[in-house]
Amino acid sequence: MDEIDFQILEVLKENSRKTWKEIGELIHMTGQAVGNRIRRMEEEGIIEQYTIAVNELKLGKSIQAFIMIFLKSNQHVEFQKYLKENTDIKEVHRISGEGCYMIKASVSDQFALNHILDEILKFANYRVNISIGKIK
């Protein structure tokens, strides 16, 4: 990895639909050279996937909740299965320090959030923080 690879990654993070030629124009390389570097980074596992950013608010998901989980028992496998199956749960991080997991959930209303929290109570205690605005 060199500085050019990092520049390519920054462009792809901003918009992964840019063509190799467009990226090349931004970083002063040919499209073919950019493509070779991207393929190498894919083969090396540096680039794992291409994805999209979804505006949850425009999909009717007006509440973004961050839920710290304090597991009551060793039911990690069952709890993780529930988390993976719930489409309103967008991110799950196993953490060190206070708590066991940090969850990001996107829901349409308080009723939907309460439903998730009721399900979580079967496995764990929790603390909820509601996002009041995204900065980055």
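Taken together, the values in this text are just the output of simple stated rules run on the coordinates, not laboratory data. Fair warning: this is a prediction, and the values are worked out from it, not measured in the lab. Positions of Cβ are backbone-derived with ideal geometry, glycine not excepted, and every protein chain shown enters the neighbour counts.
Descriptive notes on the structure:
- In this structure the amide hydrogen of ALA124, modeled in the peptide plane, comes within under 5 Å of the amide hydrogens of LYS72, none closer than 5 places in sequence on its chain.
- In order along region 14-25, the Karplus-derived 3J(HN,Hα) couplings, from 6.51 cos²θ - 1.76 cosθ + 1.60 at θ = phi - 60°, round to 6, 7, 6, 8, 4, 6, 4, 5, 4, 5, x, 5 Hz, and Gly and Pro are given as x.
- For region 119-134, 3J(HN,Hα) per residue [Karplus equation, 6.51 cos²θ - 1.76 cosθ + 1.60, θ = phi - 60°, Hz, x = Gly/Pro]: 5, 4, 4, 5, 10, 7, 8, 8, 9, 10, 10, 9, 6, 10, x, 8
- The label-point distance for ASN36 and ILE135, in a model that sets each label 7 Å from Cα toward Cβ, rounds to 4.2 nm.
- Listed residue (SER96, VAL107, ILE69) projecting farthest to the positive dipole end of region 56-130, Cβ model: SER96
- Candidate cross-link partners of LYS104 among the lysines, defined by an alpha-carbon separation under 17 Å and a same-chain spacing of 8 or more, comprise LYS61, LYS81, LYS84, LYS90, LYS134, LYS136.
- Placed amide H near ILE47: partners under 5 Å, 5+ positions off or other chain: GLU42
- Residues ARG37, ARG17, ARG94 arranged by fewest to most Cβ contacts within 10 Å: ARG17, ARG94, ARG37
- Answer label, with P(r) over Cα pairs in 10 Å bins from 0, in percent calculated from the coordinates and candidates (1) 9, 24, 26, 19, 11, 6, 3, 1, 0; (2) 14, 40, 29, 13, 4, 0; (3) 10, 31, 22, 22, 13, 2: (3)
- Cleavage-rule hits, GluC sites (Glu not before Pro), region 1-110, DSSP coil, Cβ neighbours within 10 Å at most 10: GLU44, GLU48, GLU98
- Karplus-derived HN-Hα couplings along region 81-94 (A = 6.51, B = -1.76, C = 1.60, θ = phi - 60°), whole Hz, x at Gly and Pro: 4, 4, 4, 5, 7, 8, 6, 7, 8, 8, 9, 9, 10, 7
- Relative to the Cα centre, the charge distribution of the chain, modelled as +1 at Lys and Arg Cβ and -1 at Asp and Glu Cβ, gives a dipole magnitude of about 320 debye.
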